[in-house]
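The block underneath contains the structure these notes are about, expressed in structure tokens.
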Amino acid sequence: MDVQFVCVFLLFAFLYLLLWEKRKRLRHTNRKTYSSMTSADCEVFLCHRGPDVKLNSVNVLHNLLCSNGIKSFVDYEMIEGSEVDPAIMEAIKMSKVHIVFLTPNFASSKWCLNELLEIMNRRRAAGTSSVPLVLPVFYDVEPSDVRHQPKNSAYNLAKKTKRSTPQERTLWSKALKEISLVKGFEYDTKVTRQWEKLQEIVTTVENFLNETFPRVYEPEWRSYFAGQIDDVVKALESSGSKSKDVFCLGVYGANKSIFADLLVDDLRLHFEARCILYNVVDTASHSDGVSVLIRKLYSDLVQKIHEQPLRKNARLDDLLQNKRCLVVIDDIGSDIAQIKALLEILQKKLKKNSLVVFTSRFQHVLRETVKVDKFISLSGGEESKGTLILSYNKRDDVHPAFISHFQETFYMLGFDVCLLSEEEFVSHIRTPAKTQMIICIISKSSNVGYLERALVNASTDGERKVLYVYYRRQSTIGSTSSTSVCLNVNFEESTGQPHKMEYKHLVEEVMEMFKEGNEKSMDVTDFPVGLLQRHKKIDSRIVSHMTRRHRSVQCFGLWGMGGVGKTTTAKSIYNRMHKEFESSAFILNTRANAASNDSGLSNLQQKLLENVMPKDSKGVKINDVDHGKRLLSAKLKGVSAFIVLDDLDTMSQIDALCYPLSSLEPNSIVIITSRDRKILTYASIPEENIFRIEGLSEENSEWLFCWHAFMNPVPPAHLKEVAKKVIKACQGLPLSLTVLGCHLYGANDINKWKESLHLIKQDEEKIFNILGVSLNSLKLSEKEAFLDICCFFIGMNEDLVCAFSEGCYEMGITILTALKSKCLITITKDADELLFGIREAGTIQVHDQLRDMGRHIIQKEEKNRAWDEKTSNDILKDARTLSGLRGLSARTDMQIRGEIATYNALSQLRFLALEEAQEKREMNERMPIYDLFANVRCDELRWLKWKVREELPRGLCSTELRVLHLSHSDIREVPGPLPNLQMLEIQECFNLEGFSMAIGTSMPLLRRVCLSSCPRLKGLDSSIGRLTDLSWLTIEHCDSILHLPEEMKNLPYLRDLILRSPGYMKTLSLPRNLRALELWRCESLESMDVSLPNLEKLDVSECPKLEKLPVLGSSLVQLKIGNCDRLVLDECLELKDLPSLRQLTLHFLRQINTLSLPPSLLTLTLEECRSLESVEASLPNLEVLRLLECPKLKKLPALGGSLQRLKIRKCVGLVLDDECLELKDARVALPEESQV
């Protein structure tokens, strides 16, 4: 026995050593990315209990962080020989981000609890400018368990009496409560997709590191700026500087943010508090942006980390004035007025020789507007951009579209345009500038002589070029200067419009003056309109990325339908930004060039290489696409570049042109434009970096059209109304506005315009050929489906259209997705469904111009669909066209020729919608269209809408039907069998009594059933339990339906059930997997004895006998209960135990005194809950709160900073405290008769 024991022991020991050696090798392998990394090198510390998550989530997260260039610390990453405890404590100390996996067994580990305690201590003790980010991950754990540590929870620290002291347990408990209140991530392993959740965590970490620790600077940067930093130090130490309360420094030029960060790093020890406000121009552009900046300023300079959120009072300013502060205001724009409040605080509140550093791309803002004490210009590409001064007289009525035209033209060319009044201009011009172009708009009140003398007397280092534009007055300047160009404009006179060639000459003069650095700028459109408004968000987003350090090339996508202005927008962004990079390229018309010949893609690769590296690419020849990918990756490695790839439409183009650019220097920018959103997703562009280019606003549409049609921003008075109709028809599409404007240019006779409105239909072919580029790239089935939608399905439910497309083309979702990604259709969703995350089918929408294009193709080419009386008459006048008819929508009063009525088969008909006419016409010698369908066979019919009183003809009951809609028909039975039917909708068929055959066997594929206002319908038979695909069932106002079959509870995929005013129905048998349940006026319903764990939406209203709700699970998102007199809510439902609840509405509930609510709520409405006295809840995320006629309610629930709207009415017992009255960000409706 002893020998056997020894052998077994030795065997286990041997296996243990093998496993240990294997784990050791694994550690060594995992260390290869950062083989020399110690605990002091890491950026992110991963706190976790190893047995719970190390081998799955933590390991995956660690690798994801490493792949994004972020160093994370896990215990197996320690260098061999180091001590565990000191190494971990050092890692916690040095890390900028702490991610804590709170697993079910986390609190069982003393080691984990001590790590957490150290993390929270570091967080409390951190300075205001270096607070580490703590991210809790509630991994199969409820935050409330971590916070409250109940007795039956694994987080009950009382169980640790044997292994810990009372003092330790107190400290651990406090740390757990603190972290439970920190915003983090909830991770339920049953439903959470690991990759998506961990990628979300990585994105949060990367954004925090980029914003808080934006750069790691190499020594050469410090050496490069050493002279300028020394100048700043000397200026601060001078006697004049020391006497100032605030010393302002302005930094202009390339790499200005790097310089500011280095300056802070060198001077931080000389100041008591510091604050860096990055991307000020971006933040300030938001509605509450300036307030956000001011709150951060006070928070960083005054507030301690453990204090409550700041409130505005005099003590804050006192604290601020008692500190010497260092503040960086990074990247202020040209519109300084938007941050005026912030500047006033800096100038008036800071004391003790504080330093404020302003950085900007606009030196005139720093010099003249901010009036900095010291100005530093850093050498770089920005000097070549130049500043263009646009001067005009504000007292005169210069049309804003005219000024905007100048601004947008030169903005698109890449210039900084400074708009000044004449008085501001004269003051500004006295300051020397290295390179300046001046455009003076001379209007009625302008003093030309005064302006000329100011220009002559101004001291300049070089020659300024002055361009004069005479607006509604004659030129008085001769050729006094070789550098002067005049343009005369008078929109009031028919001959006073500027000629296009004259305007182009003016633009060329400006470009010549600033030709250095602009050799690669793209040509601009003649009349750029709406650019400033259109891509303000895009511009600021890209600029924001350019001012930060990134670990990979930053890609952006512009997505939109053909002709909407993607290329124009991309050109404007490129012209403004490409000079700030080492190199650049703009590859136009990729789609067309790639398809031009077999070597199209490799030719584009060659062009890209030659544009980015013109010298290094000499003599280099790309043989094929694969060779081009390798060559681009090698040659462009480490190059800082700005690249635009225009009009990509295939994944092979992404593979050949985009992916090789990953070797560029990480701060490089790549912009891709495409009609297909799927292409941008394939290029791995982040969701937040994809921008849809929309049509122009009404005002900009008018300006663009009128510039092309009249060379004037407004139409002549006699053409105003007719022009308005044409502009409205274009619906903001720049391409259409341009084409139609050019078509109508020079047509001043109103009669000719009226004629042209009719002729536009003939000329639409030119427009449609351009718009149809997206359509021509579709597969045949996709194109046919698009034409179906244009004719019949606009505004229809997407599920119905999907079913029809499946029946016709064997694909539904795939086709709709393809059309949507190419911007040919849009699918609109209900706002609440989007807000609360409930998936509902949307409705199909098509831009009017695209709809007309599709119908134009039908009328001119295919002639096989008719959607109204006119097209029906055109097609049905010839019997030969009937054989190819695919779709018809008509009314019963439509008349056809007798010989057509005798037709016996429509073999290609897929869609038929026949509707009863409101008024009957005299038939004359023709026949009603109903006669055509009385005896005809339509064997291929997929969609039938029969809104006709007559019986449904048997020839229309095709076995291929997918969608059947019967309304106002005299039918007594639903026909059958219909083996392929998926959607059945029956409305107001007052004689309908039932189905001709068992529904489960005659219509086995049904997915959606809606029965409405059929008072004689007896019910549904038990075979409904066989409808395994049924997902939607609506029954309303069917008084004879007394019960639902018991077999319904076996339906596996029923998701939505709506019962409105059914018959005498006491109980309900429901399937457990319901997602949405709506009950309205179920006056006999008493109980629902069922568990619905997956229910997301419950709406119960006017059910006076209902006493019990179904058992609900954690998935519930929306809950609405009203007018249920017998329902005692707190006896049948614990609201606080619904962790996903976002919207709660309670109406007219009498038997409710106290409400306990979950913290997840976003919207809360309580109306006429007359017995309600208190709401026991902390609602930090609540955005909307409505309290209406709750007279006994005494106090609001605890609210957070997310509240946006508060409405209180007739809550006479409610007492509002100071905290409520200070909800500045909420739109508050003052309470009526409540106590304050």
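The values are calculated or read from the model by the stated rules, or taken from the named source; none is laboratory data. Just so you know, these numbers come straight off a predicted model, no measurement behind them. Using ideal geometry, Cβ is built from the backbone for each residue, glycine included, and neighbour counts are taken over all protein chains shown. Only protein heavy atoms, including side chains, enter the accessible area calculation; ligands, DNA and RNA are left aside. Shrake-Rupley method; radii C 1.70, N 1.55, O 1.52, S 1.80 Å.
So, counting K/R as plus one and D/E as minus one, what does the shell of residues with Cβ under 11 Å around MET796 add up to? Display every interim value, and only then the final one.
Values: positive: LYS945; negative: ASP788, GLU798, ASP799.
Surrounding charge for MET796 is -2.
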- Expected sort for 1095-1107, 407-419, 1131-1143 on mean C-beta neighbours within 10 Å, highest first, is 407-419, 1095-1107, 1131-1143
- Quick one: net charge of THR189's neighbours, Cβ under 14 Å, K/R +1, D/E -1? -3
- Message: Give me the net charge for the shell around CYS957: Cβ to Cβ below 12 angstrom, other residues only, Lys and Arg +1, Asp and Glu -1.
- Response: -2
- Query: Given R₀ = 22 Å, FRET efficiency for LYS870-ALA917 by Cβ-Cβ distance, to 0.05?
  - Reply: 0.90
- Two-site FRET efficiency, ALA341 against ASN623, from Cβ-Cβ distance with R₀ of 56 Å, rounded to 0.05: 0.35
- Stretch gain in nm, segment LYS1105-ASN152, where the contour uses 0.36 nm per residue and the Cα spacing is subtracted: 339.3 nm
- Quick one: accessible surface of ARG163, probe radius 1.4 Å, all protein chains present, in square angstrom to the nearest 10. 140 Å²
- Could you pull the accessible area for LYS1120 with a 1.4 Å probe, rounded to 10 Å²? 80 Å²
- Message: Take THR204 and LYS352, extend 7 Å from each Cα along the Cα→Cβ direction, and tell me the distance between the two endpoints in nm.
- Response: 3.6 nm
- Subtracting the Cα-Cα distance from 0.36 nm times the residue separation, let me have the gained length for ARG949 to GLN908 in nm, one decimal. 12.2 nm
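Sort 711-722, 565-576 for me by packing, meaning the mean count of neighbouring Cβ atoms within 10 Å per residue, highest on top. Please list the in-between numbers first.
On the way: 711-722: 15.8, 565-576: 24.5.
Sorting 711-722, 565-576 by mean packing, highest first, produces 565-576, 711-722.
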- Query: What is the Cα coordinate range of the stretch 1014-1162 on the first, second and third principal axes, sorted by size from largest, in whole angstrom?
  - Reply: 43, 29, 22
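Between LYS754 and GLU861, how high is the FRET efficiency from 1/(1 + (r/R0)^6) when r is the Cβ-Cβ distance and R₀ = 30 Å? Nearest 0.05. Show your work: numbers first, answer last.
Numbers: r = 28 Å, r/R0 = 0.95.
For LYS754 and GLU861, the calculated efficiency is 0.60.
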- Query: Based only on Cα atoms, what Rg/Rh ratio does the stretch 660-755 have, Rh being taken as Kirkwood's radius?
  - Reply: 1.22
- Message: Can you give me the distance in nm between label points at ASN1153 and SER1171, each placed 7 Å from the Cα along the Cα-to-Cβ direction?
- Response: 0.9 nm
- Among LYS1018/LYS1120; LYS536/LYS637; LYS110/LYS177, which pairs are too far apart, with a Cα-Cα distance over 21 Å? LYS1018/LYS1120; LYS536/LYS637
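What order do you get for 536-544, 647-655 when each peptide is scored by the mean count of other beta carbon atoms within 10 Å, highest first?
Taking the mean over residues of other Cβ atoms within 10 Å, the ranking is 647-655, 536-544.
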- Inter-site label distance for ALA125 and LYS1049 at 7 Å from Cα along Cβ, in nm: 6.1 nm
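Kirkwood hydrodynamic radius for the stretch 842-882: how many Å is it when counted over pairs of different Cα atoms?
Numbers: mean 1/r = 0.0890 Å⁻¹.
For the stretch 842-882, inverting the mean 1/r across all distinct Cα pairs yields 11.2 Å.
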- Residue span ALA717 to LEU419: 0.36 nm per residue of separation minus Cα-Cα distance leaves a gain in nm of 104.3 nm
